[in-house]
Amino acid sequence: MERVVLVTGASGGVGLALCRRLLGEDGRIHLCLACRNAQKAEATRDLVLQEYPAAQVSTVEVDLGNLASVLRAAQELRCRRLLHMLTTAEGVMTQTDRLNGDGLQEVFTTNLFGHFILIRQLESLLCGNEKPSRLIWTSSSNARESAFSLSDYQHAKGQESYSSSKYATDLTSVVLNRKFNKQGLYSSVVCPGLVMSNMTFKILPVFLWVLLMPIMFLIRFFAKTYTLTPYNGAEAHVWLFKQKPEYLDPLVKYHSCTSGLGKNFVEPRKLDVDEETAEKFYQKLLELEGQTLEKYGDLLD
Ligand SMILES: NC(=O)C1=CN([C@@H]2O[C@H](COP(=O)(O)OP(=O)(O)OC[C@H]3O[C@@H](n4cnc5c(N)ncnc54)[C@H](OP(=O)(O)O)[C@@H]3O)[C@@H](O)[C@H]2O)C=CC1
Ligand SMILES: CC(C)=CCC[C@@H](C)[C@H]1CC[C@H]2C3=C(CC[C@]12C)[C@@]1(C)CCC(=O)C[C@@H]1CC3
């Protein structure tokens with residue numbers, strides 16, 4: 001049976017590189033590109049098919065920062081019936097987090113909660129299959145406990161919404177394993193390292209990054225997480241794709257690394273999470289999910 005792999009944030013950066021690399025690893029997979037914009041999704045599909053003309057590539061439109069859009073996408077995916085792997089590679093990092101149309105913090109929703117709802121809505125596809133299914137969350141080395149608080153888990157009050165959302169992602173993955181491993185669903189978190197992408201081009205302009213490039217290549221001899229290209233950044237995702245999920249440690253983050261001479265490898269590092277906090281946070285996610293489903297009852301089957 002073909003494996004169906006859904007990649008969010010597939011239109012650029014690490015997500016697009018991952019799509020290409022997965023097809024290079026296994027041309028028999030069915031790749032589903034999840035993008036927030038239908039035109040971009042089609043353009044990405046064309047790009048991928050140029051490189052792998054025989055590949056099976058479909059698209060689904062989903063804005064992960066908009067819960068109605070997430071529920072509609074889940075409905076559509078449920079109709080397609082199969083899903084074996086979901087990997088997240090979308091993300092927003094901003095100095096000015098704000099409330100979205102659902103009244104939730106945008107960074108929290110896009111980076112974590114939209115995916116949480118999507119996964120819960122796709123549980124019937126992901127759980128109880130003959131072979132294990134897997135989730136791969138793109139987290140970050142920037143996930144910091146100090147940025148996260150249970151009482152303000154959407155990070156409405158602080159200035160570190162990105163770090164908070166990534167820490168929340170790590171917590172969620174730990175609990176998802178506890179709840180769903182018995183049903184054959186396994187979750188892992190990865191960090192792509194420092195990658196030149198639209199995200200980093202919002203921190204410094206492209207020309208500055210280009211000027212810094214020689215320095216960064218030198219730094220890479222000492223800092224292996226300077227992966228720099230989306231291709232290298234997707235190393236940990238691709239490595240995980242090839243592992244048996246039931247043998248992976250749920251309390252580890254898999255870091256994409258690149259050596260000074262440009263060789264890619266993966267480094268597992270222990271997650272800095274308190275399991276009790278993770279459980280409490282998960283209960284809060286369930287509460288928020290309940291409110292969301294109540295609000296959007298018309299979008300449920
Ligand atoms: N770059 C880096 O150095 C690092 C990145 N990461 C993480 O890696 C992941 C990928 O980042 P990277 O490739 O660098 O970033 P990019 O900005 O290049 O790519 C982000 C992708 O996410 C999509 N996206 C953004 N918002 C939404 C949304 N609301 N709904 C659906 N899709 C959305 C974008 O789509 P569109 O094309 O429509 O904008 C794009 O395809 C992120 O989770 C990021 O946090 C972690 C550590 C370091
Ligand atoms: C000489 C040189 C390399 C200058 C660049 C300095 C900084 C702009 C970068 C150094 C480490 C980078 C980094 C990120 C952004 C850019 C830097 C601060 C991230 C925060 C981007 C998003 C993440 O998820 C983690 C990254 C960690 C490293």
Failed item, numbered, when Ser173 is tested on (1) within 14 Å of ligand 1 (Cβ to nearest atom); (2) more than 14 Å from the chain's Cα centre (by Cα); (3) among the hydroxyl-bearing types (Ser, Thr, Tyr): (2)
Cross-chain or 6+ apart pairs with Cβ under 6 Å, region 10-32 first and touching a residue at least 60 places away in the same chain (Cβ under 8 Å), then of a type in the set (Ser, Thr, Tyr): Ala10/Thr44; Gly13/Ser197; Ala17/Tyr231
Test: residue in region 93-111 that is within 16 Å of ligand 2 (Cβ to nearest atom), surrounded by 21 or more Cβ atoms within 10 Å (Cβ to Cβ), among the charged types (D, E, K, R) and closer than 22 Å to Val14 by Cα: no
Within region 191-237, tally of residues that are within 11 Å of ligand 2 (Cβ to nearest atom) and within 18 Å of Thr87 (Cβ to Cβ): 8
Residue check for Glu90: within 16 Å of ligand 2 (Cβ to nearest atom), on the phi < 0 side of the Ramachandran plot and buried (at least 20 other Cβ atoms within 10 Å of the Cβ): yes
For Arg178: the one exception among (1) away from ligand 2 (no atom under 15 Å from the Cβ); (2) in a loop (DSSP other than H, G, I, E, B): (2)
Positions within region 181-224 being assigned to a loop (DSSP other than H, G, I, E, B), under 30 Å from Arg120 (Cα atoms) and more than 14 Å from ligand 1 (Cβ to nearest atom), in sequence order: Gly184
Any hit, region 62-85, residues being in contact with a Cys (Cβ under 8 Å, 6 or more places away or on another chain), more than 22 Å from Gly158 (Cβ to Cβ) and within 13 Å of ligand 1 (Cβ to nearest atom): yes
Within region 30-129, strands (runs of 3 or more DSSP E) holding 2 or more residues that are under 23 Å from Phe281 (Cα atoms): 85-88
Some residue of region 208-222 being open to solvent by less than 40 Å² (accessible area, probe 1.4 Å) and either in contact (Cβ under 8 Å) with a residue 60 or more places away in the chain or of a type in the set (Lys, Arg) (or both): yes
Leading residue by the ranking (farthest from ligand 2 (Cβ to nearest atom)) among those in region 120-142 that are closer than 26 Å to Thr227 by Cβ and touching a residue at least 40 places away in the same chain (Cβ under 8 Å): Arg134
Looking only at region 271-292, and only at residues there that are farther than 21 Å from Leu118 by Cβ and over 19 Å from the mean Cα position of the chain (by Cα), the one that is surrounded by the most Cβ atoms within 10 Å (Cβ to Cβ): Thr277
Among (1) β-branched (Val, Ile, Thr); (2) within 16 Å of ligand 2 (Cβ to nearest atom); (3) farther than 30 Å from Gly12 by Cα, the one test that Thr277 misses: (2)
Tally, over region 144-174, of residues that are open to solvent by less than 20 Å² (accessible area, probe 1.4 Å) and not polar (S, T, N, Q): 8
Every pair of residues 6+ apart whose Cβ atoms lie under 6 Å, when the first sits in region 242-263 and is in contact (Cβ under 8 Å) with a residue 40 or more places away in the chain while the second is surrounded by 11 or more Cβ atoms within 10 Å (Cβ to Cβ) and aromatic (Phe, Trp, Tyr): Pro245/Tyr186; Cys257/Phe265; Gly260/Phe221
Residue satisfying all of: in region 160-175; hydroxyl-bearing (Ser, Thr, Tyr) and in contact with a strand residue (DSSP E or B) (Cβ under 7 Å, 6 or more places away or on another chain); farthest from ligand 2 (Cβ to nearest atom) among these: Ser173
Those residues of region 165-212 which are within 18 Å of Lys270 (Cα to Cα) and of a type in the set (S, T, N, Q), in sequence order: Thr169, Thr172, Ser173, Asn177, Ser187, Ser188
Selection status of Ser197, touching a strand residue (DSSP E or B) at 6+ places or on another chain (Cβ under 7 Å), among the polar types (S, T, N, Q) and either surrounded by 19 or more Cβ atoms within 10 Å (Cβ to Cβ) or farther than 30 Å from Tyr247 by Cβ (or both): no
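The values are calculated or read from the model by the stated rules, or taken from the named source; none is laboratory data. Small disclaimer: the values here were computed from a predicted structure and weren't measured. Cβ coordinates were reconstructed from backbone atoms using ideal geometry, including for glycine residues, and neighbour counts include every protein chain displayed. Quick note on the areas: whole protein, heavy atoms, side chains included, nothing else; ligands and nucleic acids left out. Shrake-Rupley method; radii C 1.70, N 1.55, O 1.52, S 1.80 Å.
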